[in-house]
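The values are calculated or read from the model by the stated rules, or taken from the named source; none is laboratory data. These numbers were taken from a predicted model, which means no experiment stands behind them. In this analysis, Cβ positions are derived from the backbone assuming ideal geometry, glycine residues included, and neighbour counts consider all displayed protein chains. These accessible areas exclude ligands, DNA and RNA; they are computed on the full protein's heavy atoms, side chains included. Shrake-Rupley method; radii C 1.70, N 1.55, O 1.52, S 1.80 Å.
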Amino acid sequence: MARWLHGLGVSGGEAVGPVARLASPPALPPSTEVDVDAAGEAARAIDALTAVADDLQQRASTVTGAASDVLIAQSMIAGDPVLMDGVTALIEAGQDAPHAVDAAIGEHRRALEAAGGYLAERAADLNDIRDRAVAHLLGLPMPGIPDPGHPFVLVAVDLAPADTATLDPAKVLAIVTERGGPTGHTAILAKQLGIPAVTACGDAAGLSDGQSVLIDGANGEVVADPSDEMIADARRRADAQAERRARSHGPGRTADGVSIPLLVNVGGPGDLAATSQADSEGVGLLRTEFLFLDRPTAPSFDEQVEAYRAVFDAFAGRRVVVRTLDVGADKPVAYLPQDEEPNPALGVRGLRLAQANPELLDDQLRAIAQAASRAQADVWVMAPMVATAQEARTFAEAARALGLARVGVMIEVPSAALKAQQILDVVDFASIGTNDLAQYTFAADRLAGDLAELLDPWQPALLALIAQSAGAGTAGVRPVGVCGEAASDPVLALVLVGLGITSLSMAPACLADVRAALAERTLEECRALADAALNASSAVTARAVVSELARQQSAAPEVAESQPV
Ligand code: PEP
Ligand code: MG
C-alpha cells in the first residue's frame, strides 16, 4: 500500500523508480598498537590521504561548474598538511593508520559542527574523506554511488560532494536524503544536474533497496510503493512538462507580454562555460566568494580584474549583476582574522566586514569598475547583507565614485525589507536573497534540515516582506528581483511576479520550467495567485491554494484572458 514520506523539495521534477541505497561507510577493525614502525604507518596514512586528494582532483577535472569547484575544495582538505600532521602525531602516540585517520578527521569535524552554519555543512565533506581514506588503508572498495545496472532513485543518509558531483542523470532518476538543509551541496548540485531531489526526509531511513518510490522534488513528497495509477499519472505529468520545456525559449515574459528577465546564478569560473550557454538574459547573481575563499592570501587587484573580465566576456551583450564579497564569520578567510563569534550568522559578515577592512571592498569595487570599463556586458554591482538605508547609501556612493553606473543592494535582512523604500531612494535596484531573508525572518539556521518547515519559501510572512520590497520598487520605478532559491520554483515564481518582482535569477537547469510557467499566465493572474499565497495561514496552505487556483486558471483560459491587466 502506498505510504507518504515528507521532506524538503530542493530540486523540482517528478520521477519513479526502484531505490538503491548508498553503501554504508567502511567499519574500523579493532585497533592495533603500533610501536614498531610508526614512521612506516604514518607514511601509509599519508599515502592514503594523498591518494584520496588525487582521486578527488581527477574527478574534478571530469566535471564542470559547481561540481568541479566543490571537488577541488574537498581535494584540498584531504591533502591539507595540517590534517596529515595531526594523523602523524596520533600514530606516534600509538594508534594504527586507519584509527589515526578516523580520529584526526573526527576532531576537525567536531570543530566544524560546533561552529555551525556554513562550516557545519562542510562536515559531510570530511566524513567522505574519512571513508575514502579508511577504505584505501583497509583495501576495501571505495564507498560511493551504487550501480545496480538500471536507473534508480538514490537514497542516502546524506551525500558528500564527491558523490553528488559525479552523478549521472541518465542513471540517477532522483535523490532522497534523510539529512541536508535547503542550501547544502545536494540541493545545489541536484539543481545544476536537473535531478529531482528531496532532502531532510527522516523517514527515508525505512526505504530498502529495490523498493518502488515516486518522488515529487517540487513539493518534497516521496511515495513509497505507489499504485500503478499513481505512477501512470506521474509519467503523464512528466511527459507534458518535458514538452512544455522543449517549447520554452527566449526572454522571460508573461502571457500578456510583461518582460520578466530570467537570469542565472554563477558561483565560480567553473560555471562559466555551461551558464553562459544557457538561454538566459544574463547573470542575476555572481557570487564572488570563489575568488576569496580557500586560499592563504587575498586575490590581487589584477587577478580580480581578470576573473571579472572573463565573466563579462562570457556574457557580452547581457546583464551581469556582481555581488561584492559575502564572507566573514561562518565563511572565514584565513587572511582576515576575526574574533570568534557566538552566532556567526548574526556576526560580522558581508558588507559589515568592509567596515573593519575598507581596503578589501575598495579594491574589489575598483577591480569590477576596471573590468567593466571595456566590457560589452551591462555590469550592475550590489552589496550583500545590507541592513539599513545608511549602509546602502555609503556603498552606493563608493561604487558610483568609481564610475559604476548601476548600483544596488541585496535585501536579505528583514530590516532592509521593512525599509525598502528608503533604501531604493538611494540605490538603483535591489535583489532579494530569499535564502538569508528566510533565515533571519524565522530565526532559523538556513542549513538546519530540522527547521525546513520554517525555511520554506512559501511562508506567507516571507512573501509579505517580498511584497513590501517589491512594492517599494514599483513606487519608485526601481527593479526589484529575486536571486535566492525561491526564484527557481515555477509556481512560486508566478507568485513572486504577482507580488511585483521584476526579474528572477536561478540555476540554469530551472530556467525552462520557470519560463514555460510564466508564458502561460497574465500579470493579473499572477497577482491573483500572489494574493492567495499572502493570505494563506501557512506555507503548506499557500502552496496548496495557489496550485489549485493555478489549475483553475489553466482550465478557464478564456475567462482569465478577458480580465483587465
Ligand atoms: C540568498 O541569501 O538568498 C542569496 C542569494 O545569497 P547566498 O545564498 O549566497 O547567501
Ligand atoms: Mg545571502
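State yes or no: is ARG295 within 14 Å of ligand 2 (Cβ to nearest atom), touching a residue at least 24 places away in the same chain (Cβ under 8 Å), out of contact with any Cys (no Cβ under 6 Å at 6 or more places or on another chain) and part of a loop (DSSP other than H, G, I, E, B)? Steps first, answer last, please.
Numbers: within 14 Å of ligand 2 (Cβ to nearest atom): no; touching a residue at least 24 places away in the same chain (Cβ under 8 Å): yes; out of contact with any Cys (no Cβ under 6 Å at 6 or more places or on another chain): yes; part of a loop (DSSP other than H, G, I, E, B): yes.
So ARG295 fails the test.
Given the residues ALA170, ALA156, which is the only one that is more than 17 Å from the chain's Cα centre (by Cα) and modelled with pLDDT of 90 or more?
Numbers: ALA170 fails: modelled with pLDDT of 90 or more.
Just one listed residue meets the conditions, ALA156.
Out of (1) open to solvent by less than 20 Å² (accessible area, probe 1.4 Å); (2) farther than 23 Å from ALA517 by Cβ; (3) out of contact with any strand residue (DSSP E or B) (no Cβ under 6 Å at 6 or more places or on another chain), what's the single condition that is false for PRO296?
Result: PRO296 passes all but (1).
Within the range 490-501, is there a residue that is part of a loop (DSSP other than H, G, I, E, B), touching a strand residue (DSSP E or B) at 6+ places or on another chain (Cβ under 9 Å) and surrounded by fewer than 22 Cβ atoms within 10 Å (Cβ to Cβ)?
The answer is yes, given that some residue of the range 490-501 is part of a loop (DSSP other than H, G, I, E, B), touching a strand residue (DSSP E or B) at 6+ places or on another chain (Cβ under 9 Å) and surrounded by fewer than 22 Cβ atoms within 10 Å (Cβ to Cβ).
Tally the residues that are in contact with a helix residue (DSSP H, G or I) (Cβ under 7 Å, 6 or more places away or on another chain) and either open to solvent by 50 Å² or more (accessible area, probe 1.4 Å) or basic (Lys, Arg) (or both), restricting the search to the range 533-548.
Residues that pass the stated criteria total 2.
Based on what the data block shows, is LEU325 within 28 Å of ALA111 (Cβ to Cβ), within 16 Å of ligand 2 (Cβ to nearest atom) and out of contact with any Cys (no Cβ under 8 Å at 6 or more places or on another chain)? Let's see the steps before the verdict.
Working: within 28 Å of ALA111 (Cβ to Cβ): yes; within 16 Å of ligand 2 (Cβ to nearest atom): yes; out of contact with any Cys (no Cβ under 8 Å at 6 or more places or on another chain): yes.
Considered against the rule, which asks whether it is within 28 Å of ALA111 (Cβ to Cβ), within 16 Å of ligand 2 (Cβ to nearest atom) and out of contact with any Cys (no Cβ under 8 Å at 6 or more places or on another chain), LEU325 comes out as yes.
Could you list, in sequence order, the residues of the range 467-486 that are open to solvent by less than 30 Å² (accessible area, probe 1.4 Å) and either more than 14 Å from ligand 2 (Cβ to nearest atom) or touching a residue at least 60 places away in the same chain (Cβ under 8 Å) (or both)?
Of the range 467-486, the ones open to solvent by less than 30 Å² (accessible area, probe 1.4 Å) are 467, 469-470, 472-473, 480-484, 486.
Result: ALA467, SER469, ALA470, ALA472, GLY473, VAL480, GLY481, CYS483, GLY484.
Kindly establish whether LEU272 is over 30 Å from VAL16 (Cβ atoms), at pLDDT 95 or above and not in a loop (DSSP other than H, G, I, E, B). Don't jump to the end; show me each part of the working.
Details: over 30 Å from VAL16 (Cβ atoms): yes; at pLDDT 95 or above: no; not in a loop (DSSP other than H, G, I, E, B): yes.
In short, no.
Which of the residues spanning the range 112-125 are at pLDDT 70 or above and either open to solvent by less than 60 Å² (accessible area, probe 1.4 Å) or of a type in the set (Phe, Trp, Tyr) (or both)?
Taking the range 112-125 as the starting set, the residues that turn out to be at pLDDT 70 or above are 112-114, 123, 125.
Of everything in the range 112-125, those that are at pLDDT 70 or above and either open to solvent by less than 60 Å² (accessible area, probe 1.4 Å) or of a type in the set (Phe, Trp, Tyr) (or both) turn out to be LEU112, ALA123, ASP125.
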